[in-house]
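Shown next, in structure tokens, is the structure this report addresses.
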Ligand code: IFM
């Protein structure tokens, strides 16, 4: 089983210049600064992975470093990632490469971004170029959390581009699913035996009261079901599209899991309102911690395919709470495996305390601090963790 950790480029590399940078400069998000300086110090991150007994590492390539202008690729930067992958392989760590993790090149963003008609082809071209350089990487994630990206950027509007339009959000989701399909085909053509999928952010939606079932079902359908179903069936269902055929394929189901929402009916909000009773386990951002949800989602969304837990983590200042969090979630993985689910890996979010978008550096998801100091015992190869998954 793959056991390891996950990160993303903008959150750890430092010195990135993309659409989120513009958002920061507008004062809409805290400045990322040099983050964990991983662009310079990636190889040190490998030492940390070895320290925790990890055999896998999920990280993302920063599209804006690679396609610096439309159709113009910076191969030097691509080769920087190439050297990193070589070092991972040498260390016996399986690289899991993400092509898109929220951030976009400024030229793409300023010309319409994910609303551009040709966004899927543009992304496919980028995936094609990159995958030619990584023929030995067997695990690929095309896009991270398309549902969250569309929701925050085009419904809530607190992420770039700051739109508040459901119809635009649906167009963005549709384009991202098409883009996944393009990238899937490109990677499969260039890399023999590659396994390619999306990292889906899935949540448990628990209704509060009888009427709460309506908004909970709506959320379940739009947020969880539509993206996963489109990926596995190759058809995008309404309201995103009218069963539009795409060639998408998911060789595994990637699940990012953090929390559940308890949803109550509201006459004013079609998607209901969230309620959280006193006394439930929460992380430092106030999100409910609900380990059983991981089991529920693996069972509900596996579509008879291998499942990879592409992210699962807790923001906390208390490292022993983090250890308890991982243990409780791995118990649920074990439970699902015991019932025949093919869970092939578990990646903790995150290796390092890093830049948590609007929350900046206040949320501490890391096993290590930004300066790469250990916070205490944590070893995925310990009997203690192995027992939970074997
Ligand atoms: O930090 C994020 C990550 O970028 C995507 N998944 C959720 C994490 C925690 O919020």
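Restricting to the stretch 32-181, compute how many DSSP beta bridges are antiparallel as a %, nearest 5.
Counting DSSP beta bridges with both partners in the stretch 32-181, the antiparallel share is about 20 percent.
Can you tell me the mean projection area, over all orientations, of the convex hull of the stretch 107-200's alpha carbons? Units nm², please.
Answer in nm², one decimal: 5.7.
Taking the beta-carbon count within 10 Å as an exposure proxy, list 188, 51 from fewest neighbours to most.
In order of increasing Cβ crowding within 10 Å: 51, 188.
Would you mind ranking 133, 184, 258 by Cβ crowding within 10 Å, fewest neighbours first?
133, 258, 184
Could you give the length gained on full extension between residue 242 and residue 278, defined as 0.36 nm per residue of separation minus the Cα-Cα distance, in nm?
Gain on stretching residue 242 to residue 278: 8.7 nm.
Multiply the residue separation of residue 133 and residue 390 by 0.36 nm, subtract the distance between their alpha-carbon atoms, and state the gained length in nm to one decimal.
Computed gain between residue 133 and residue 390 is 89.1 nm.
Restricting to Cα pairs below 8 Å that are 6+ residues apart, what does the relative contact order work out to for the stretch 99-193? Please round to a whole percent.
Averaging sequence separation for qualifying contacts and normalising by length gives 40 percent for the stretch 99-193.
Can you compute the FRET efficiency between residue 40 and residue 165 using 1/(1 + (r/R0)^6), with r the Cβ-Cβ distance and R0 = 35 Å? Round to the nearest 0.05.
Here the calculated transfer efficiency is 0.35.
For a Förster distance of 35 Å, can you work out the FRET efficiency between the beta-carbons of residue 371 and residue 304, rounded to the nearest 0.05?
0.20
Work out how much length residue 25 to residue 327 would gain on full extension: take 0.36 nm times their residue separation and subtract the Cα-Cα distance, in nm to one decimal.
Gain in length upon complete extension: 104.8 nm.
Using Cα pairs closer than 8 Å and at least 6 residues apart in sequence, work out the relative contact order for the chain, in percent.
The normalised contact order for the chain reaches 18 percent.
Divide by every residue of the chain the summed helix terms, -39500 (n - 2.57) for each DSSP H run of at least 4, and state the resulting mean residue ellipticity at 222 nm, rounded to the nearest 500 deg cm²/dmol.
Using -39500 (n - 2.57) per qualifying helix, the result is -11500 deg cm²/dmol.
First measure r as the distance between the Cβ atoms of residue 342 and residue 267, then evaluate 1/(1 + (r/R0)^6) with R0 = 41 Å and state the FRET efficiency to the nearest 0.05.
For R0 = 41 Å, the calculated efficiency reads 0.40.
Computed over the Cα atoms of the chain, what is the convex hull's projected area averaged over all directions, in nm²?
Hull-based average projected area comes out at 17.8 nm².
With the contact rule set at Cα under 8 Å and sequence spacing of 6 or more, what percent relative contact order holds for the stretch 241-318?
42
Describe numerically, in nm with one decimal, the distance between label points set 7 Å from Cα along Cα→Cβ at residue 358 and at residue 121.
3.6
Read-outs: derived from the displayed coordinates by stated rules, not from any lab. Quantities reported herein were computed from a predicted structural model and do not represent experimental measurements. All Cβ positions, even for glycine, are placed from backbone atoms using ideal geometry, and neighbour counts span all protein chains on display.
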